[in-house]
Amino acid sequence: MRVRAIGTHAVPVKTGLIGLLTGVLGALLLWRACLPRARERHPGAWLPKELENATIAYSEKRFVAMPPTPLGAIVDRVYRRPDQVLVLVEFKRRDRLVVYESDIVELSVQRLAVEGASREKVSEYAYVVVLAPWAETRQTMRVRLYSKERVHHLADRRNGLLKGVVPPRKAESPGLCECCVFKAECRVIE
C-alpha cells in the first residue's frame, strides 16, 4: 500500500483498488452496451400475427396522388399480405406508448396517396409501432384509418386555414394550443 502525505497527515491511497473498480465498472458498461436487446435479437417480434406471412412491399418511399385533392406522403413501411392487400406501418420514437390523432391522420393520408399512386388496395387499418427509449421491445398498436371523405375534408380545411378563408377554432387538446407557433397572435384562445 502506498502512502501519500496530505498536509501534515499521512493518508493511505488504494490506487490499485480504485483502478480495479473503475476497470470493472467500465467493463460492465461496455458489456451492457454490446448486449443485444430483445428487439435486436428478435427483429420481427413486434410484428402483428396477421403480417407474419406478409412481405415488405415498400419502405421509405414517397407517393403522390393528385385528384381531387393532391396528397403526398412518405411511408415508413408497407406490407403486402398474401391476399395482396397492403398494410401501412408507421414507426414512432416517443417516451409514451400512445397513438395520437395526428398519427391516424398521417396514416390515412398515406393510405390515399399509396392507393392513388399504386392503384393497389390498402387496408382500412394500419399499425403504429412505438419504440420508447426505456422499453426493451416495440409496442404495436392497430388503428382504424379515416375515410377518404374525412381526409379530403381535413385537407380542404387545412388549405382554407392557410389561405385565410376558413376561420380557425380552438384545438380539442389544450396542449396543442400551448405549443402552437401562432399562440401569440391567436384570437381563438382568448
Next item on the list: Return the sequence-ordered ³J(HN,Hα) values of the range 45-61 in whole Hz as given by the Karplus equation 6.51 cos²θ - 1.76 cosθ + 1.60 applied to θ = phi - 60°, using x for Gly and Pro.
Entry: 4, 7, 5, x, 3, 4, 9, 4, 9, 7, 10, 6, 8, 9, 9, 6, 10
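Sort Asp83, Asp156, Asp95, Asp76 so that the residue with the fewest other Cβ atoms within 10 Å of its own Cβ comes first and the one with the most comes last.
Numbers: Asp83 7, Asp156 13, Asp95 10, Asp76 18.
Neighbour counts put them in this order, fewest first: Asp83, Asp95, Asp156, Asp76.
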Next item on the list: Run down the lysines and flag those whose C-alpha is under 30 Å from the C-alpha of Lys49, throwing out any fewer than 8 positions away in its chain.
Entry: Lys61, Lys92, Lys121, Lys148
Notebook entry, point to check: List the chymotrypsin sites (Phe, Trp or Tyr not before Pro) in the range 81-172 that DSSP assigns to loop (not H, G, I, E or B) and whose Cβ has at most 10 other Cβ atoms within 10 Å. Which are they?
Noted result: Trp134
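Each value in this text was obtained by applying a stated rule to the coordinates, not by laboratory testing. Since the model is a prediction, treat every value here as computed from it, not as a measurement. Heads up, the Cβs are rebuilt from the backbone with ideal geometry, glycines too, and the neighbour counts pull from every protein chain shown.
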